[in-house]
1. Collect the residues in the stretch 155-181 that are more than 16 Å from residue 222 (Cβ to Cβ) and not in a helix (DSSP H, G or I), keeping them in residue-number order.
2. Given the criteria at pLDDT 90 or above, over 25 Å from residue 139 (Cα atoms) and among the small types (Gly, Ala, Ser), does residue 57 qualify?
3. Consider residue 327 against the criteria (1) within 12 Å of the ligand (Cβ to nearest atom); (2) part of a loop (DSSP other than H, G, I, E, B): it satisfies all of them except one. Which criterion is unmet?
4. Looking at (1) away from the ligand (no atom under 14 Å from the Cβ); (2) modelled with pLDDT of 90 or more; (3) crowded, with 16+ Cβ neighbours inside 10 Å, which is the only condition residue 287 fails?
5. Given the structure, is residue 265 in contact (Cβ under 8 Å) with a residue 24 or more places away in the chain and in contact with a helix residue (DSSP H, G or I) (Cβ under 8 Å, 6 or more places away or on another chain)?
6. Given the structure, is residue 231 in a strand (DSSP E or B) and over 15 Å from the mean Cα position of the chain (by Cα)?
7. Check 342, 334 and return the single one that is surrounded by 16 or more Cβ atoms within 10 Å (Cβ to Cβ) and either among the acidic types (Asp, Glu) or in contact with a Ser or Thr (Cβ under 7 Å, 6 or more places away or on another chain) (or both).
8. Filter the stretch 53-84 for residues that are without any contact (Cβ under 8 Å) to a residue 24 or more places away in the chain and farther than 19 Å from residue 127 by Cβ and give the result.
Amino acid sequence: MKKVKEIMNPSMLSRLVMALAIVLSLVAIFTVVLYRGGAKVSVNEPSECKTMVVVASGDTLGKLLIDQGLNNSDVNAIADALKKNAGISTLRADNDKFEFVRPDTDSPVSKIVLIPSPWKQVELTCSENGGWNCNTIEIERDTRAVYKTGEIKNGDSFYLAGIRAGIPAGILIDVYDLLAFEMDFERDVRAGQHFSVLYEENFSEGQKVDNGHVLAVQFEALRGNVKMYRFKKSDGTTGYYDENGNGAIKSLKRTPINNAKVTSNFSTSRKHPVLGFTRAHKGVDFRASTGTPIPAAGAGRVVARGFNRGHGNYVKIRHNGTFETLYAHMSRFAKGVGVGTAVKQGQTIGYVGSTGLSTGPHLHYEVIKDGVHVNPLTVKLPAISNLDDANKKKFLEYRKTLDNGIEHLAKNPNWFIQM
Ligand SMILES: [Zn+2]
């Protein structure tokens, strides 16, 4: 056991690779790791007396401490110590816990432990001169990666299928966010689709405490199988990448046509060039010559394709439950693009023109978030992150190892990867 622990000290990636290497080669040890987890019992000093208090709504530090027999100068000293040494200046009701320790029932409090999270404890100890020393302790966490697979059944939502597969709600919400620009969970979910999630569970002394990150996700989407892997770059930042190491968090392109000049910005009031009076400009205009292909700003489904007096020929795409985009004044539509067509990011949906209320060829582009027009150039969108060559090489090795691990977990659903 000790040897296993020792090997697992370096960076997260190599730790994972090591743990996987153990999975792959030393099944016996791995199984031992699997069934480990006998909780250590903490032994109290025999005469020590402990009182546990959970912070309730309306509680203040002063009230809690005075209730335990401390005086005002203790309160001030403790408030100072918490702020200066632990960065804590407010208490969170129903979350933070205090443990008050007395040498025996009749003695004053000699130690206070503030527990703001399962992974952190702040110990305040009374010194000889009556002051309070503050010491923050990070709790060692034992992280395991577990693998769950599911299938969409008739009438299911992804959420229901996920819960049935034993995936915690919080992890499902993370998966929704990850796949939000890959698929429309309201409309693109069909019976028979399979999905899988590899995610972290955090343990302390053999007890599960909470869930960590989604490490890998796979979904048989209508537009093809989507796979994403969480990867830590050499600079320490993490992101999600597809099988080939390309940034996987798809987003909307703020400028669908590359390098096109903005000729009219988003505005809640502007003088309309054709109508002559002031009205809102609900999109951004990009100068481009007639016939320039217009790419879809993101993957999605065409929900409207038609003509109206203002927009001329236009296409509207629904990307997910939150975002829609609209492209106006087209000279013509792209072949095969109709209502209901699933489009990929960058796929040509039509061609620049000057139909509708327009003074010359340009693309009028709108982004609609939760039914409200927003400025495409400034709206907050998920970041697209790509890997440089060195990181990509590392990623591809990591992904291969992780896929091997997943293959083992798929055959042995009760196993986990020791991180
Ligand atoms: Zn416009």
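The values are calculated or read from the model by the stated rules, or taken from the named source; none is laboratory data. What you see is a predicted model; the values in this text were computed from it and never measured. Cβ atoms come from the backbone with ideal geometry, glycine included; neighbour counts cover every protein chain shown.
1. 155, 165, 166, 167, 168, listed by residue number.
2. yes
3. Among (1) within 12 Å of the ligand (Cβ to nearest atom); (2) part of a loop (DSSP other than H, G, I, E, B), residue 327 violates only (2).
4. (1)
5. no
6. No, not satisfied.
7. 334
8. The answer is 62, 63, 66, 67.
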